[in-house]
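A quick write-up on the structure given underneath.
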Amino acid sequence: MEIETRDDEMKKMTGTQEARRRPAGGDRGFTLIELMVAMVIFLIVSMGALPLMISNMHLNQRNAMRNVAIEVAGRWVEWLHSQKWRPTDTADLNVPDVAATADTIDPRFSYAINCNEVVNDRRYDCRVTVTWNYRGQAYSYAVDTIVVE
């Protein structure tokens, strides 16, 4: 039988304490400080990306409003082509309140229709202009079409 000395006991205890402090396999994991540093870095990067996301949201909204303006203008161009008339000026087109009228489907948009006769050609150059405001700035979209008598 082996006689254990006090040094052997100390080595066993020290080894046991080391085993408790470190998981098996040498994997240490993350400390709370490392986790906090990682979270601060993530927060700084996220705050840097926030203005970019906000500007993209405004750009998307502005483009969506432009798409609606294109729809409104297209609807009036089709209306112009479907009419059976012989206009001499815009008043003869039977357009309700031609000068900047609010659209009936989306009142954020106004439209104006202007037609001019091409000299003795039985053809009319018409322009439909749609205007709207977004974040205090005025925008417009215009489409030209030719209407033949």
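Bear in mind that the values in this text are calculations on the coordinates, not laboratory data. Note that the structure is predicted; figures quoted are calculated from it, not measured. Cβ coordinates were reconstructed from backbone atoms using ideal geometry, including for glycine residues, and neighbour counts include every protein chain displayed.
For this structure, a couple of remarks:
- Sites V119 and I70 - FRET efficiency at Förster radius 41 Å, r taken between beta-carbons, to 0.05: 0.85
- Relative to the current alpha-carbon distance between M53 and N133, full extension at 0.36 nm per residue lengthens the span by 26.6 nm.
- Modelled this way, with points 7 Å down the Cα-to-C-beta line, the labels at N60 and V148 are 4.4 nm from one another.
- Taking the number of Cβ atoms within 10 Å of each Cβ as an exposure proxy, the fewest-first ranking of I54, I113, I70 is I54, I70, I113.
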